[in-house]
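The values are calculated or read from the model by the stated rules, or taken from the named source; none is laboratory data. Remember, predicted model here, so these are calculated numbers, not experimental data. Quick reminder, even Gly has a Cβ in these numbers, built from the backbone with ideal geometry, and neighbours come from all protein chains shown.
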Amino acid sequence: MEHPSAPAHRGHFPWQGLLLAVSLTTFWNQPTAAQLTIESVPTNAVQGQDVLLLVHHPPGDLAAYVWYKGARVDPNQHIALYAIGQQEIIPGPLYSGRETIYSNGSLLFQNVTQENTGYYTLQVIKANFQTEVGLGHLQVYLELTKPNITCNNSNPVEHEDPVVLTCEPETQNTTYRWLINNQSLLDSAWLKLSLDNRTLTLFNITRNDTGPYECETWNPGSARRSDPFYLNILYGPDAPTISPADSYYQQGANLSLSCHAASNPPAQYSWLINGRPQQSTQELFIPNITANDSGSYTCLVHNSVTGLNRATVKTITVSDAPTPGNSAGLSAGVIDSIVVGVLAGVTLAAPLHFLYI
């Protein structure tokens, strides 16, 4: 911070008369309104910074500046006096050694703390012992630390468990804000914010609500954001699907079925053929099938955490006859070729018959 002028130096001058005058004016000379103003630089300070109470428009022909803690002239709250002619600082009862008064009356605080927050009164003493006062305010905020998110249940079950997210730590004079997928929260029936916005409650969550969740803390002096937080939402299994979709097979073909169900954690799979248990795998393979392999194929899925079970049944028909949709086991392309060949033969036979007549 650039200082308005060089700081004063202590001297060894008798100031009893001036201090007596200050004391007397405290009791019988009420401060009057004037153009004297005081500005805090910076306006909102962070703990540990240096802050200057900058004096604007002081009157002329001055003898001293006197600073007090509080919104009035109070000898018990006297910080220091600066004698202009002698350039000497006389400490008061609240002088801590971190304060410096400059020749223009401005007061510098070094390494401010939140205890420095409050009003400060400057009393200017003219050469004729008349006084004027100015009032300034110093606001010191904590330097915010990086927040973090805590959760009452980071592994909730879909549609069952409410989730409570809390932005830590709790800090006074701090504004809290939540973001989901890097967007500010909108009013919704599935979430609720506490009065101070520090706690976010989620209701009826789904698998799409994993996050990321972030919280921001803000005060006029600083702002910080947490690391992204994700929920591990447990769900499923959904109804399984069996692929491929084919249901008709010819004898001698290989049967390969695959079962899939959305689930977190991943589902456990098992098969039944006509009610008889088979291997516990996601894939089922039977080579060189026969008519005896016809029947119902059931895929069973189980989620060991949610405790849910689902099943899907597929009917497989194995036959040595052509599969439905084909004629005599021939493809449509083969049938078209036969038809074209027959028509061509008929066309060629007509002239030959004429030659023999």
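General observations
- Residues that are crowded, with 17+ Cβ neighbours inside 10 Å and over 41 Å from the mean Cα position of the chain (by Cα) were ranked within the range 277-293; the one that is nearest to A261 (Cα to Cα) is L284.
- Selection status of G136, at positive phi, modelled with pLDDT of 95 or more and either of a type outside the set (S, T, N, Q) or buried (at least 19 other Cβ atoms within 10 Å of the Cβ) (or both): no
- When T206 is tested against the conditions (1) in a loop (DSSP other than H, G, I, E, B); (2) in contact with a Cys (Cβ under 8 Å, 6 or more places away or on another chain), the lone failure is (2).
- Whichever residue in the range 219-244 is in contact with a Lys or Arg (Cβ under 9 Å, 6 or more places away or on another chain) and among the small types (G, A, S) and, among such residues, is farthest from G48 (Cα to Cα): A239
- Scanning the range 171-195 for residues that are within 16 Å of W218 (Cα to Cα) and either surrounded by 12 or more Cβ atoms within 10 Å (Cβ to Cβ) or at pLDDT 95 or above (or both) yields T171, N173, T174, T175, Y176, R177, W178, L179.
- Tally, over the range 229-271, of residues that are of a type outside the set (D, E, K, R) and closer than 16 Å to E158 by Cα: 16
- Selected residue [touching a residue at least 40 places away in the same chain (Cβ under 8 Å), outside any loop (DSSP other than H, G, I, E, B) and not small (G, A, S)] from T201, T217: T217
- At least 2 residues being at pLDDT 95 or above and under 30 Å from N232 (Cα atoms) is the threshold, and among the strands (runs of 3 or more DSSP E) wholly inside the range 242-345 those reaching it are 255-260, 268-273, 295-302, 309-319.
- Of the residues making up the range 232-258, those that are under 18 Å from P287 (Cβ atoms), of a type in the set (G, A, S) and surrounded by 14 or more Cβ atoms within 10 Å (Cβ to Cβ) number 2.
- Here is the figure for the range 64-80: residues that are aliphatic (A, V, I, L, M) and surrounded by fewer than 19 Cβ atoms within 10 Å (Cβ to Cβ) total 1.
- Restricting the range 81-114 to residues that are over 49 Å from the mean Cα position of the chain (by Cα) and without any contact (Cβ under 8 Å) to a residue 24 or more places away in the chain, the residue that is surrounded by the fewest Cβ atoms within 10 Å (Cβ to Cβ): G85
- If you go through the range 143-176 and keep only what is touching a residue at least 60 places away in the same chain (Cβ under 8 Å) and touching a Leu at 6+ places or on another chain (Cβ under 7 Å), you end up with I149, C151, S154, N155, P156, V157, E158, V163, L165.
- Whichever residue in the range 108-138 is in a strand (DSSP E or B) and in contact with a Gly (Cβ under 8 Å, 6 or more places away or on another chain) and, among such residues, is nearest to A63 (Cα to Cα): V124
- Tallying residues that are farther than 18 Å from D227 by Cβ and assigned to a loop (DSSP other than H, G, I, E, B) within the range 150-170 yields 10.
- Test: residue in the range 177-184 that is among the small types (G, A, S) and touching a Leu at 6+ places or on another chain (Cβ under 9 Å): no
- The residue that is surrounded by the fewest Cβ atoms within 10 Å (Cβ to Cβ), among those in the range 206-228 that are polar (S, T, N, Q) and within 21 Å of N153 (Cα to Cα), is N208.
- Which listed residue, of S263, S270, is in the same structural domain as A291 (by TED's automatic domain parsing), polar (S, T, N, Q) and in contact (Cβ under 8 Å) with a residue 40 or more places away in the chain: S263
- Residue match in the range 154-162 (condition: surrounded by 14 or more Cβ atoms within 10 Å (Cβ to Cβ) and either in contact with a helix residue (DSSP H, G or I) (Cβ under 8 Å, 6 or more places away or on another chain) or aromatic (F, W, Y) (or both)): no
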